[in-house]
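Peer 1: Got a structure for you, written out below as structure tokens; questions coming shortly.
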Amino acid sequence: MTGEADLHGSPRPPRPSTARWAGSADTIAGTIPVALDGHRQIPILAAPGIVTVEPGAAFDLSAVEADADGGLDKAWAKEALAGERARIVALQERLYAERARSLLLVFQAIDTGGKDGTIRSVLQGVNPQGCTVASFKVPSSEELDHDFLWRYHARVPGRGMIGVFNRSHYEDVLVVRVKGLVPDAVWQSRYGRINDFERLLTESGTTVIKFFLHISRAEQKKRLEARIADPEKRWKFDPADLVERKSWDAYQQAFADALGRCSTPHAPWLVVPANHKWFRNYVIARTVADTLEAMDPRFPEASKGIADLTVPD
């Protein structure tokens with residue numbers, strides 16, 4: 001190994017590759033939040049009416065009634081939603097101030113399943129500075145040049161943030177599978193890598209809540225027809241949706257396999273009956289609020305002496 005040259009061309013003695021790391025040891029150590037010491041698993045507290053997929057077991061999606069409403073009253077649920085939103089707003093402020101951990105909300109659904117509407121409803125009033133939303137479409141050429149998880153990992157929320165994935169890393173075992181974009185052996189191998197990825201996030205201080213919005217085939221037809229009929233919603237309609245609808249059964253099987261194979265103790269899948277938007281919004285908001293409360297983010301302690309300061313006239 002040759003030594004580094006100074007400005008005059010004289011060689012310097014070689015330094016170990018870890019030297020620069022050693023010089024930054026205090027800085028690096030200071031980025032590890034105290035909250036991660038003795039990391040504990042945060043329970044994902046699903047609201048009543050949501051189906052939690054049992055880890056390690058095959059899952060029958062057709063057994064979940066998409067039209068279920070948990071026996072709740074619509075007017076009551078809409079009123080209760082406001083209270084859950086207020087809890088999320090207050091807890092998000094504490095999470096942002098603490099800046100030690102993060103929350104990732106993953107939303108998957110078939111076309112018209114309600115991902116956009118759910119995100120708008122549940123996170124209404126949340127400070128935009130503490131929230132990020134990533135929507136994953138067809139990968140770019142740059143993204144295709146990397147491993148399949150690269151583009152998702154880059155959008156994971158930082159400490160103090162609530163992150164939202166509108167579609168997610170599961171696209172690579174869903175649409176990729178249904179459309180036959182890669183060999184079967186490739187997408188089959190991805191279930192384990194997805195589980196490893198989510199475990200890494202969890203152990204690094206990111207609580208992951210995964211929602212599958214479950215609607216019926218009849219409900220999808222109704223929502224597609226509504227988009228066509230409303231001039232202000234036609235921009236959301238893509239004729240390709242009708243082509244995708246022909247693959248309904250294939251998508252349902254792909255969803256079921258992903259839910260069963262990637263529901264884990266650290267990141268379980270939650271199936272939300274989503275034909276009724278008011279029910280969907282309430283139970284998801286309550287789940288987010290309850291889980292944030294279990295995380296118990298806290299405002300950091302102020303510097304000593306601040307309480308005794310006075311502001312001059």
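Peer 1: Show me 299-311, 43-55, 275-287 ranked by packing, highest mean number of other Cβ atoms within 10 Å first.
Peer 2: Details: 299-311: 7.4, 43-55: 17.3, 275-287: 23.3.
Top to bottom by mean Cβ count within 10 Å: 275-287, 43-55, 299-311.
Peer 1: Right, something else. Ignoring any ligand, DNA or RNA, what whole percent of the accessible area of the chain comes from carbon and sulfur when the probe is 1.4 angstrom?
Peer 2: Values: 9270 of 17190 Å².
C and S fraction of accessible area: 54 percent.
Peer 1: Using only alpha carbon pairs under 8 Å that are at least six residues apart, calculate the relative contact order of the chain and give it in whole percent.
Peer 2: 34
Peer 1: Give the calculated FRET efficiency between K277 and E54 to the nearest 0.05, with a Förster radius of 35 Å applied to their Cβ-Cβ distance. Please list the in-between numbers first.
Peer 2: Details: r = 27 Å, r/R0 = 0.77.
The calculated FRET efficiency here is 0.85.
Peer 1: So which lysines can K74 reach, going by Cα to Cα under 29 Å and dropping same-chain residues fewer than 8 places off?
Peer 2: Partners within reach: K115, K210, K221, K222, K233, K236, K277.
Peer 1: Just subtract the alpha-carbon distance of A82 and A63 from 0.36 nm times their residue separation and send over the number in nm, one decimal. Mind showing how you got there, number by number?
Peer 2: On the way: separation 19, 0.36 × 19 = 6.84 nm, distance 3.07 nm.
Additional length available on full extension: 3.8 nm.
Peer 1: Which chymotrypsin sites (Phe, Trp or Tyr not before Pro) from the stretch 46-150 combine a DSSP loop assignment with at most 13 other Cβ atoms within 10 Å? Walk me through the intermediate numbers first.
Peer 2: On the way: sites: F59, W76, Y96, F107, F136, F148, W150; in loops: F59, F136, F148.
Nothing satisfies the criteria.
Peer 1: Quick one: what are the phi-derived ³J(HN,Hα) couplings along the stretch 241-248, Karplus 6.51/-1.76/1.60 with θ = phi - 60°, whole Hz, x for glycine and proline?
Peer 2: Those phi angles translate into 4, 5, 5, 4, 4, 5, 9, 3 Hz.
Peer 1: Moving to a separate point now. Per residue, how much accessible surface does the stretch 162-313 expose to a 1.4 Å probe? Answer in Å², no decimals. List each step's numbers first, then the result.
Peer 2: Working: 7340 Å² over 152 residues.
Using a 1.4 Å probe on heavy atoms only, each residue of the stretch 162-313 averages 48 Å².
Peer 1: Taking 0.36 nm per intervening residue step and subtracting the Cα-Cα distance, what contour gain separates A218 from S189 on full extension?
Peer 2: On the way: separation 29, 0.36 × 29 = 10.44 nm, distance 3.31 nm.
Gain on stretching A218 to S189: 7.1 nm.
Peer 1: Of W269, I110, P312, which is farthest on the positive side of the dipole of the chain, counting Cα position, with +1 on Lys and Arg Cβ, -1 on Asp and Glu Cβ, and the Cα centre as origin?
Peer 2: Result: I110, furthest along the dipole toward the positive end.
Peer 1: Also: Assuming R0 = 41 Å, what is the FRET efficiency of A302 and S140, from their Cβ-Cβ distance, to the nearest 0.05?
Peer 2: Working: r = 45 Å, r/R0 = 1.09.
FRET efficiency, A302 to S140: 0.40.
Peer 1: Here is a follow-up. Count neighbours as other Cβ atoms within 10 Å of each site's Cβ, and list the trypsin sites (Lys or Arg not before Pro) in the stretch 196-268 that are DSSP loop with at most 13 such neighbours. Display every interim value, and only then the final one.
Peer 2: Numbers: sites: R199, K210, R217, K221, K222, R223, R227, K233, R234, K236, R245, K246, R261; in loops: K233, K246.
Counting only loop positions with at most 13 other Cβ atoms within 10 Å, the trypsin sites (Lys or Arg not before Pro) in the stretch 196-268 are K233, K246.
Peer 1: How many nm separate the modelled label positions at E203 and K179, each set 7 Å beyond the Cα in the direction of the Cβ?
Peer 2: Simple spin-label model gives 3.4 nm for this pair.
Peer 1: Okay, moving on. Would you be so kind as to identify which of A46, L174, G192 lies farthest towards the positive end of the dipole of the chain, taking Lys and Arg as +1 and Asp and Glu as -1 on Cβ and the Cα centre as origin?
Peer 2: Going by the Cα projections, it comes out as L174.
The values are calculated or read from the model by the stated rules, or taken from the named source; none is laboratory data. A quick note: this is a predicted structure, and the numbers were derived from the prediction, not measured. Neighbour counts are summed over all protein chains in view; Cβ atoms, including those assigned to glycine, are modelled from backbone coordinates with ideal geometry. Heads up: the accessible areas ignore ligands, DNA and RNA and are worked out on the full protein's heavy atoms, side chains in. Shrake-Rupley method; radii C 1.70, N 1.55, O 1.52, S 1.80 Å.
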